[in-house]
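For reference, the structure is listed below as structure tokens.
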Amino acid sequence: MRALGLLAVVLCGGGCARETFPAAAPQAGHAPGSLHAFAAPPPGAVPLSAQPHYAALAAPPMAGVVAPAALPPPPMSRPDVPQLSSSEIPSGDACLAELARTSVTHHRLEAKRGITTPVEVTGKIGGIHFGSPLVADCRFVLALHRVAPVMADLGVSAVRFSGAYSYRMSRVGRLSLHAYGLALDVHEIRFGTAWHSVEREFSRGLADGCAPTSPPMNQLACRLKATRLFKELLTPDYDSDHANHLHLAIAPTDAPKWEAVPKKRPAAPVKLELPPPAPDEGEPTVEPEEPPPPRLEPKTAKTKPKAKPKATKPAKHRPRAHRPRPLAS
Ligand SMILES: [Zn+2]
């Protein structure tokens, strides 16, 4: 049995690691007959112990059949970037407190429709000038602050963008993440002292944008994507709508109240509020997340005599169908 096991290892190599071997089904990726001959050795087969080399057991190539080449996977660049998660970026006061501990010059804004914690940045973020004013959710500013070192590693010193916060729907009638202040459309980037245009200097269709030989714009997009911080990172490779900019957006962790509870009868010009979230073509927006559902705490739930009649009412209004999806990033 030990010899048989060793034989399987020799014949399969690394390519068999994920496969199982039913007795009857042929296995793709193996030399014809090798495994099946192994599974059902022909009568009179030479004992393994008598073989001078295990390699001699490999089945000879059949005429007209090209054995699959054991090609190694194409070498892809693995950028040395931190693994980040937008779900770890706090919101509200906690976000403001963290932002205050950075060197980002900013101030809090009055309520902005759609933004949970609106701020305006008037200085650099992590040493990178993003232009001003940059109005966004505090969480998005922190997100930019966290990836600033990744950008700086490529020599990025400044960014020009066309839009950040914008309360708007996407083409198919869904709120864009720009409406939450969680997105940015970047058109030009300064690497060192030279400005680079996304439209002109992003090479489309590159297999390995992170490769050192790729254009800086591709390397930047690839590295930012590798951090996994952004829920949406759309480049000119995505579609024609993004032919001239990089769309960066993080997932929301909480949504404004007006979004969480749909109005029964919306008033007059509520074009933006009426349509429920729907799939988006241009920018694959994320389903806006809502405040967490009421906790199921058996102890406190039972010992809450006051909330008897009212406890059930709010539950009815909570749109369970729109529960937040787990963040992929
Ligand atoms: Zn965008």
Response to the item:
Taking a crude spin-label model, label points 7 Å out from Cα along the C-beta direction, the T193 to R113 distance in nm is 4.6 nm
Item to complete: Using the Kirkwood radius over Cα pairs, work out the Stokes-Einstein diffusion coefficient for segment 152-252 at 10 °C and 1.306 mPa s, in µm²/s as a whole number.
Response: 114 µm²/s
Practice prompt. With a cut-off of 15 Å, note down the residues of segment 151-177 whose backbone N falls inside the zone around a label point 7 Å from the Cα of S132 toward its beta carbon.
Written response: 159
Discussion item. Shape verdict for segment 85-212, please, from the Cα gyration tensor: rounded (a/c under 1.5), prolate (a/b greater than b/c) or oblate.
Written reply: oblate
Worksheet, complete the sentence: Ranked output for segments 143-153, 99-109, 164-174 by mean other Cβ atoms within 10 Å, highest leading, reads 143-153, 164-174, 99-109
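All of the numbers you see were taken from the coordinates with simple rules; none came from a lab. In this text, all values refer to a predicted model and were calculated from it rather than measured experimentally. Please note: Cβ atoms are built from the backbone with ideal geometry, for glycine as well, and neighbour counts cover all protein chains shown.
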